[in-house]
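Asker: Quick one: the structure is below, questions incoming.
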Amino acid sequence: MKISFNLDQFLKDLEYLVNIDSQSKDTEGVAEVASFFEKAFAGIGWKVEKKDFGPAVGPSLKITNGEAPYDSLLLGHLDTVFPKGTVAERPFARDEKRAYGPGVNDMKGGLLFGLYAARALTEAGAPGSFCIVYNSEEEIGSRRARPWIEELARESRTAVILEPARPNGNLMNERKGLGRIDVTFHGKAAHAGVEPEKGVSAVNEMAHWIIGLHGLTDFGKGTTLNAGVVSGGTTPNVVPEKASMTVDVRIKIPEEKNRIEAKIAELKAHPATPGINVEADFFLTRPPMNPSPKTMKLCALVEEAGREAGVEVRWQGTGGGSDGNFTAALDVPTVDGLGPVGGGSHAVTEYVEIGEISSRFALLMGILERIPHALF
């Protein structure tokens, strides 16, 4: 399939999108980004449907050129992590090698890849039924969008995730599962100098929980726990009545969830601080994404497309999650990192490598050209 790719126009579109603040809870900004794509996809004849998940988040989009079952589900997200006002501080910028700005890499470049791919498929009259989904709340866990994404994944033969490639150009076929533990400790206040024996220290119990949960970390199994947010107490001379913490959880092996649940139950049943009351909520926001035999067949197809596009395809795992975690958990062959190459996501240094945009787009098109004819 012969394709044309206008890099100058791509960068102009990227500048426009990057210069829209669209943090997950900035519903107006997310809606503005969605509106750009709604009009652009409709303009090339693709069907666009808005999905409303309530007033807390902006609209998501489902874009199709055919009916289910889809040859591939292409996933991206409209939201970024940067608060309203970030664009005014550091708008889109570029030099000879890189483009910069909030969301330029994660993942407004990948969103544009989806649009430009749809346009190229249409212009070429290429075969295949594709579903493109742009989620509005990926950066905050996709808890509302997950059932919808999973429903569409069950109607799709493959999933191609338009998240950025790693800074070294590697793609992903493996991501850890993500979760969190929210714990609140209720004790009893007392004067720490006059009658400390009458108090029940919430902070003391929290300390035991931190040690117990951190002790579950097993780098060999790919399991990590991190009490990243903790708070408690009022003043040094008061036995703290209340404390709370949030623990980040990452797992590679699904069964590790059971081990963590068992530890939480043990800590609740055998408190180190008599009289304490503990509320604990543990949930996985994303299941682990591990490569299945079907995914490995899709990886081979990607490598073949890479040879044609002049891109050396290499794979790696990552501790971060994406909506591809959901599709892979349903045994849908899933490959990730098919957006542009870049780095610095979620930081002021975020960038995209301009010199690799065209070749990575050619790689994506080679994949989409092959998938309709492939068996998995």
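The values are calculated or read from the model by the stated rules, or taken from the named source; none is laboratory data. Note that the structure is predicted; figures quoted are calculated from it, not measured. Don't worry about glycine lacking a Cβ; one is built from the backbone with ideal geometry, like all the others, and counts go over all protein chains shown. When the accessible area is computed, the model is the full protein with side chains, heavy atoms only, and any ligands, DNA or RNA have been set aside. Shrake-Rupley method; radii C 1.70, N 1.55, O 1.52, S 1.80 Å.
Asker: Whole-Hz Karplus ³J(HN,Hα) for the range 335-340, in order, using 6.51 cos²θ - 1.76 cosθ + 1.60 and θ = phi - 60°, x for Gly and Pro?
Answerer: Per residue, the Karplus-derived 3J(HN,Hα) values read 10, 10, x, 8, x, x Hz.
Asker: Could you tell me which of 116, 45, 99 has its Cα farthest along the dipole of the range 23-180 towards the positive end, charges placed at Cβ (Lys, Arg +1; Asp, Glu -1), taken about the Cα centre?
Answerer: 99
Asker: I would also like to ask the following. Could you run the Debye sum over the Cα atoms of the range 1-102, one equal point scatterer each and no solvent, and tell me log10 of I(q)/I(0) at q = 0.13, 0.20 Å⁻¹, two decimals?
Answerer: The computed values of log10 I(q)/I(0) come out as -0.57, -1.15.
Asker: With charges only on Cβ, +1 for K and R and -1 for D and E, what is the dipole size of the chain about its Cα centre, in debye, rounded to 20?
Answerer: 420
Asker: Counting only residues 5 or more places away or on other chains, whose amide H sits under 5 Å from the amide H of residue 341 once H atoms are built in the peptide plane?
Answerer: Excluding prolines and chain starts, which carry no amide H, the hits are 165, 353.
Asker: With θ set to phi - 60° and the Karplus curve 6.51 cos²θ - 1.76 cosθ + 1.60, what are the ³J(HN,Hα) couplings of the range 356-361 in order, to the nearest whole Hz, using x for Gly and Pro?
Answerer: Karplus-based 3J(HN,Hα) across the range 356-361 equals 10, 5, 5, 5, 5, 5 Hz.
Asker: For the range 137-217, what are the per-bin percents of Cα-Cα distances with bins 5 Å wide, up to the bin holding the maximum?
Answerer: 3, 9, 11, 14, 11, 10, 10, 9, 7, 5, 5, 4, 2, 0
Asker: Related question: Which whole-percent values make up P(r) of the chain when all C-alpha to C-alpha distances are grouped in 20 Å steps starting at zero?
Answerer: Result, from short to long distances: 27, 50, 19, 3, 0 percent.
Asker: Further, regarding this structure: Under a plain spin-label model, where a point goes 7 Å from the Cα along Cα-to-Cβ, how far apart in nm are residue 44 and residue 4?
Answerer: Distance between label points: 1.3 nm.
Asker: Something else: Got a sec to turn the phi values of the range 6-22 into Karplus ³J(HN,Hα) couplings, 6.51 cos²θ - 1.76 cosθ + 1.60 with θ = phi - 60°, whole Hz, x for Gly and Pro?
Answerer: For the range 6-22, the Karplus curve yields 9, 5, 4, 5, 4, 5, 5, 5, 5, 4, 4, 6, 4, 7, 10, 4, 8 Hz.
Asker: Something else now. For the range 285-366, just the Cα atoms, rotate onto the principal axes and tell me the three extents in Å, largest first.
Answerer: 35, 34, 17
Asker: Using only the Cα atoms of the range 290-335, construct the convex hull and provide its projected area averaged over every direction, in square nanometres to one decimal.
Answerer: That works out to 3.3 nm², a quarter of the Cα hull's surface.
Asker: Quantify, in whole percent, the carbon and sulfur part of the accessible surface of the chain (1.4 Å probe; protein heavy atoms only). Present the calculation step by step, with values, prior to reporting the outcome.
Answerer: Numbers: 8120 of 16060 Å².
The value for the chain is 51 percent carbon and sulfur by accessible area.
Asker: Continuing with this model, one more query. Can you give me the accessible area per residue for the range 148-300, using a 1.4 Å probe, in Å²?
Answerer: 47
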